[in-house]
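Asker: Just dropping this structure here.
The values are calculated or read from the model by the stated rules, or taken from the named source; none is laboratory data. If you're wondering where the values come from, they're calculated on a predicted model, not measured in any experiment. Here the Cβ positions follow ideal geometry from the backbone for every residue, glycine too, while neighbour counts run over all protein chains shown. For the accessible areas, the whole protein counts, side chains as well, though only heavy atoms, and no ligand, DNA or RNA atoms are used. Shrake-Rupley method; radii C 1.70, N 1.55, O 1.52, S 1.80 Å.
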Amino acid sequence: MAEFEKSKLHVAMFPWLAIGHITPFIHLSNELAKRGHKISFLLPKKALNQLGNNNLYPDLIKFHVVAVPHVEGLPPGAETASDIDITGKNPLAIAFDAMAEQVEVLLSDLKPDFVFYDFADWIPKLASKIGFKTICYNVICASCMAIGIVPARKIPKDRPMTEEELMEPPKGYPSSTVVLRGQEARTLSFIGMDYGATTFDVRITAAMKGCDAISIRTCQELEGPMCDYLSSQYEKPVILTGPVLPETPKGQLEEKWEKWLSKFEPKSVVYCAFGSQLILQKNQFQELVLGFEMTGLPFFIALSKPAGANSIEEALPEGFEERIKGRGVVYGGWVQQTQILSHPSVGCFA
């Protein structure tokens, strides 16, 4: 029994300040806690309030709140990427890096065996001071990483990458079919942009090169060649967690949404979500919501306000709110997606 206890690990988690990163880190924490390991999870207070109910092993997973400092350009009270426009990531990254001192104090006190991180490229420096091993855990697919950010990908320092450059895979890339096309390449153009004191590609490359091992939320059967390519590019072992699918969280759906959804017949509501980081143009936004109006079905759309708009309401087509009153919601804030999808009234996810 004593030998068994000694084999249990203490793991600290410190993901990037975005719900789409924090959530899969919590799912992985649940899987590790299921196996008896102790988890110390560092996150902002707002994210804890939103996601804390996803902790399925409260005896083993302990949350530690870290403060997100206010910096120039960051809206007051902003703590995660959901609180800002996609164009405001640079101030959030500056604030994220400014948390290094408090994270160091916490980790020095916690003394974990391993620290899982993603965007905090300064974690490996703390590892040598405090004495823990580091795992750079990537929640996006291996293919995206392999084609986007590897040492073989040459990214200009004096200008943005062109669509044509991004469509050309890096040297040694293991596929001729899993490649970027048109809009996909344009979407990836952010990799050479500023992200705090450095650019996104420099940050991620440093995070990957500085760790003891790379981990990816994927499996060998789906992306084996991509994972092998990443391992050879970074000269690091690559550990795959599998998809780490979540269990249904214990928390209840927010009361106002529970009451609204419960007005409708089973499987009659269409739910649509774009995520906080996809920003539509105003004409795209209006075309989308008008399309949902034309279905005649009850609908719930969760998405960010369009580019140039101050609010969701301002961007809606004239007369739209009156016409869909009672059967449609267009909401710009964070919602409990898992609980919404589990609601008996929801019949379609778009």
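Asker: Give the shape of the stretch 144-245 as rounded, prolate or oblate, defined through the alpha-carbon gyration tensor: a ≥ b ≥ c are the square roots of its eigenvalues, a/c under 1.5 means rounded, and otherwise the shape is prolate if a/b is larger than b/c and oblate if not.
Answerer: oblate
Asker: Continuing with the same structure: For Cα pairs less than 8 Å apart in space and 6+ apart in sequence, what is the mean separation divided by the residue count of the chain, i.e. the relative contact order in percent?
Answerer: 14 percent
Asker: Roughly speaking, to the nearest percent, how much of the chain's 1.4 Å accessible area is carbon and sulfur?
Answerer: 55 percent
Asker: Follow-up question, since we're still on this one. Using +1 on the beta carbon of Lys and Arg, -1 on that of Asp and Glu, and nothing else charged, what's the dipole of the stretch 240-315 about the Cα centre, debye to 20?
Answerer: Using Cβ point charges on Lys, Arg, Asp and Glu, the stretch 240-315 gives about 80 debye.
Asker: Using helices alone, I'd like the mean residue ellipticity at 222 nm for the chain: each DSSP H run of four-plus residues gives -39500 (n - 2.57), total over residue count, nearest 500.
Answerer: -10500 deg cm²/dmol
Asker: Taking the chain as the reference, fit the longest principal axis to its C-alpha atoms, fit the long axis of helix 200-210 to the helix C-alpha atoms, and give the angle between the two in degrees, 0 to 90, nearest 10.
Answerer: 40 degrees
Asker: Could I have the simple spin-label model distance between LYS263 and LEU297, label points 7 Å from Cα toward Cβ, reported in nm to one decimal?
Answerer: 1.8 nm
Asker: Now for a different question. Using the beta-carbon distance between ARG35 and PHE274 and R0 = 35 Å, what value does 1/(1 + (r/R0)^6) give for FRET efficiency, to the nearest 0.05?
Answerer: Between ARG35 and PHE274 the formula returns 0.50.
Asker: At 1.4 Å probe size, with every protein chain present, just tell me what the per residue accessible area of the chain comes to in Å².
Answerer: With all protein chains present, the chain gives 50 Å² per residue.
Asker: What lysines could a cross-link reach from LYS34, if we take a straight Cα to Cα line under 28 Å and drop same-chain neighbours fewer than 8 places away?
Answerer: LYS6, LYS8, LYS45, LYS46, LYS62, LYS111, LYS133, LYS236, LYS250
Asker: Within the chain, what's the longest stretch lacking trypsin sites (Lys or Arg not before Pro) that sit in DSSP loops with no more than 14 other Cβ atoms inside 10 Å?
Answerer: No qualifying site falls inside 36-153, the longest such stretch.
Asker: Any chance you could check the Cα centroid distance between the stretch 14-37 and the stretch 40-78 for me, in angstrom?
Answerer: The stretch 14-37 and the stretch 40-78 have Cα centres separated by 12 Å.
Asker: How large is log10 I(q)/I(0) at q = 0.14, 0.15 Å⁻¹ when the Debye formula is applied to the Cα atoms of the chain, each weighted equally and without solvent?
Answerer: -1.31, -1.44
Asker: In whole angstrom, note down how far apart the Cα centers of the stretch 191-214 and the stretch 290-350 are.
Answerer: Each part's Cα centre sits 36 Å from the other's.
Asker: Just subtract the alpha-carbon distance of CYS219 and GLU168 from 0.36 nm times their residue separation and send over the number in nm, one decimal.
Answerer: Answer, rounded to one decimal: 15.8 nm.
Asker: Another question, then. Please list, in order, the residues from the stretch 275-296 whose amide nitrogen is less than 20 Å from a point placed 7 Å along the Cα→Cβ vector of ARG186.
Answerer: Under 20 Å, as judged by backbone N against the label point of ARG186, lie 275-289 of the stretch 275-296.
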